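Reviewing the structure listed below.
No lab work stands behind these numbers, since they all come straight from the coordinates. These numbers were taken from a predicted model, which means no experiment stands behind them. Neighbour counts are summed over all protein chains in view; Cβ atoms, including those assigned to glycine, are modelled from backbone coordinates with ideal geometry.
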Amino acid sequence: MAVKIYVTKNYDELSKVAANILAAKVVLKPDCVLGLATGSTPIGTYKNLIKKYEDGDLDFSKVTTVNLDEYRGLERTHDQSYYYFMHDNLFDHVNLRKDASFLPDGSKPDAAKECEAYEEKVASLGYADIQLLGIGRNGHIGFNEPCDEFIQKTHCVDLTESTIEANKRFFASANDVPKQAYTMGIGTIMNAKSILILASGKDKAEAVKNSFFGPVTPQVPASILQFHQDVTLVVDEEAYSLCK
Ligand code: PGA
């Protein structure tokens with residue numbers, strides 16, 4: 001297995017290591033394509049990247065970003081849209097060009113058309129130089145939920161009950177969580193030149209074990225990463241606790 005594994009003491013250390021890896025990419029390739037992710041896990045990473053920018057150590061002026069996914073049916077101004085999240089947690093705080101960040105547009109109702117357009121956009125950029133990923137409790141990456149096949153391209157998905165449950169904390173109730181999303185496919189993710197996947201906390205221990213130490217199966221979408229040539233897993237002790 002080509003996966004490089006860094007086990008950190010806790011979430012703060014994980015966030016620093018992850019930010020250093022992304023920063024190194026930006027330093028070595030100033031016009032790189034960063035593949036970014038939402039969720040609670042990368043927030044600390046983004047905070048560290050902002051700090052590096054504020055300290056004058058990092059320049060995003062030539063960087064392009066692509067994001068994994070977006071809820072279907074939310075306007076970009078909705079405070080739970082991933083567009084909003086990315087601006088709030090990173091884009092508005094660094095010197096990224098305004099036209100250099102791409103996410104699927106969840107407000108576009110024609111799913112097939114929007115997903116095809118997004119796939120073409122990411123392909124036209126040559127895919128991500130480094131793709132940041134969180135991992136779902138069920139082993140999902142992006143919104144590629146456990147299913148019977150690895151779906152290759154950007155597509156519209158029905159969110160599983162477990163994902164809706166996990167995300168309802170951000171909405172007034174589970175009923176308000178969108179039921180669908182547009183997500184990069186497994187192929188879109190695997191086309192990234194390198195992958196940086198983060199996992200923190202006991203809740204993720206099972207998913208980490210199944211993804212990196214179990215069989216490769218679409219029932220555990222992240223397990224496909226065992227076939228990628230350049231994967232770095234940064235994981236804290238709790239999330240790694242079942243792997244020893
Ligand atoms: P989390 O989500 O970082 O909020 O745990 C990760 C994911 O579902 O991909």
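Couple of notes before you dig in:
- The chain, dipole about Cα centre (Lys/Arg Cβ +1, Asp/Glu Cβ -1), debye to the nearest 20: 520
- Computed over the alpha-carbon pairs of segment 1-76, the distance histogram in 10 Å steps reads 16, 44, 31, 8, 0 percent, short to long.
- Residues of segment 4-34 with amide N under 12 Å of a point placed 7 Å along Cα→Cβ from PHE102: 33-34
- Efficiency of FRET from Cβ geometry, ASP110 and ASP12, R₀ 51 Å, rounded to 0.05: 0.75
- Estimated FRET transfer efficiency when R0 is 30 angstrom, pair LYS4-GLN80 (beta carbons, to 0.05): 0.35
- Computed over segment 68-152, the P(r) tail beyond 15 angstrom holds 67 percent of alpha carbon pairs.
- Charge dipole magnitude, Cβ of K and R +1, D and E -1 - segment 148-212, Cα centre, debye nearest 20: 320
- Peptide packing: for 94-102, 178-186, the average count of neighbouring Cβ atoms within 10 Å per residue gives the ranking 178-186, 94-102, highest mean first.
- Whole-percent pair-distance distribution, where bins are 10 Å wide, for the alpha carbons of segment 9-152: 11, 41, 36, 12, 1
- Aspartates and glutamates whose Cα lies under 18 Å from that of LYS153, excluding same-chain neighbours fewer than 8 positions away: ASP69, GLU70, ASP105, ASP110, GLU114, GLU116, GLU119, GLU120, ASP129, GLU145
- Between LYS179 and LYS121, the contour length at 0.36 nm per residue exceeds the alpha carbon distance by 18.4 nm.
- For the residue pairs LYS113/LYS209; LYS51/LYS98; LYS108/LYS209; LYS52/LYS244, the C-alpha atoms sit more than 30 angstrom apart in LYS113/LYS209; LYS108/LYS209; LYS52/LYS244.
- Stretching the chain fully between LYS202 and LYS244 yields a gain of 13.7 nm (0.36 nm per residue, less the alpha carbon separation).
- With bins 5 Å wide beginning at 0, the percent of Cα pairs of the chain falling in each bin runs 1, 7, 14, 20, 21, 19, 13, 5, 1, 0.
- Calculated FRET value between ASP88 and ALA24, using beta carbons and R₀ = 22 Å, to 0.05: 0.30
- Segment 47-181 - percent relative contact order, Cα under 8 Å, separation 6 or more: 25
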